[in-house]
Amino acid sequence: MNNNAELYKDLDRILLTREEIRAKVQELGARITADYQGKKPVLVCILKGASVFFADLIREIELPLTLDFMAISSYGSATKTSGVVRILKDLDNDILDKDVIIVEDIVDSGITLSYLRKILVQRGARSLRIATLLDKPARRKVEDLHVDYMCFDIPDAFVVGYGLDYDQTYRNLPDIGVLSPKIYEK
Ligand code: 5GP
């Protein structure tokens, strides 16, 4: 714990500690380093939820690489997906013939990533892989979504911290916790 006591009191429990997260992110960075030898991948951060994971992950990849950022609409301030995906901020650079890795915070229904994968493939990426910190396989609605790199399988609960928010808050918690339902049910 740190002195974010105000935020921590809204959690039912800590699901993943910063130490557990750090170890997995290091492991994933090493895997990507091995898989992309001789290449210069473009790492695409899906704002804002993946920003903390992204910042840690890129520093664990020992390769030349470039960064880009995309923002898409997902939940707003509710906790269930609407199925509507909208690009709020597009990539700055062309990805034609590039090896792209989409970096996402969490795959839930899979609707967001399935849509993103389609549009980035249409833009001519040479290869496209998905790296996610968290996966909630129990909630998947899209059958054919292949997640290439994943750090943690988690149960069906609404989580915050390490970049993940509820109503734009809690992103700065260094650990990931289950938000108490009384916060979003009130
Ligand atoms: P999907 O399209 O896969 O249903 O939704 C993915 C997006 O929903 C994620 O990028 C994230 O913004 C949001 N999301 C899904 N589950 C959670 C959760 O447990 N906590 C938070 N904070 N966001 C979630």
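The values are calculated or read from the model by the stated rules, or taken from the named source; none is laboratory data. Just so it is clear, the model here is predicted, and its values are computed rather than measured. Every residue, glycine as well, gets a Cβ built from its backbone with ideal geometry; the counts of neighbours run over all protein chains shown. Ligands, DNA and RNA are stripped out before the accessible areas are found, and what is left, the full protein with its side chains, is counted by its heavy atoms. Shrake-Rupley method; radii C 1.70, N 1.55, O 1.52, S 1.80 Å.
Okay, here's what the table says:
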quantity	calculated
Filtered residues of region 11-31 (kept if within 13 Å of V159 (Cβ to Cβ) and touching a strand residue (DSSP E or B) at 6+ places or on another chain (Cβ under 6 Å))	L11, D12, R13, I14, L15, L16
Condition check for I102: modelled with pLDDT of 95 or more, open to solvent by less than 40 Å² (accessible area, probe 1.4 Å), closer than 19 Å to L43 by Cα and within 15 Å of the chain's Cα centre (by Cα)	yes
Restricting region 56-72 to residues that are open to solvent by 10 Å² or more (accessible area, probe 1.4 Å) and hydrophobic (A, V, I, L, M, F, W, C), the residue that is nearest to D99 (Cα to Cα)	L65
Matching residues, region 94-126, being within 8 Å of the ligand (Cβ to nearest atom) and not in a helix (DSSP H, G or I)	E104, D105, I106, V107, D108, S109, G110
Top-ranked residue in region 31-55 [being out of contact with any Leu (no Cβ under 8 Å at 6 or more places or on another chain) and open to solvent by 60 Å² or more (accessible area, probe 1.4 Å); ranked as farthest from R126 (Cα to Cα)]	K48
Checklist (1) open to solvent by 20 Å² or more (accessible area, probe 1.4 Å); (2) within 12 Å of the ligand (Cβ to nearest atom); (3) under 29 Å from A34 (Cβ atoms); (4) among the charged types (D, E, K, R) applied to D167, failing item	(3)
Flag for V178 being within 11 Å of the ligand (Cβ to nearest atom) and either in contact with a Gly (Cβ under 6 Å, 6 or more places away or on another chain) or part of a strand (DSSP E or B) (or both)	yes
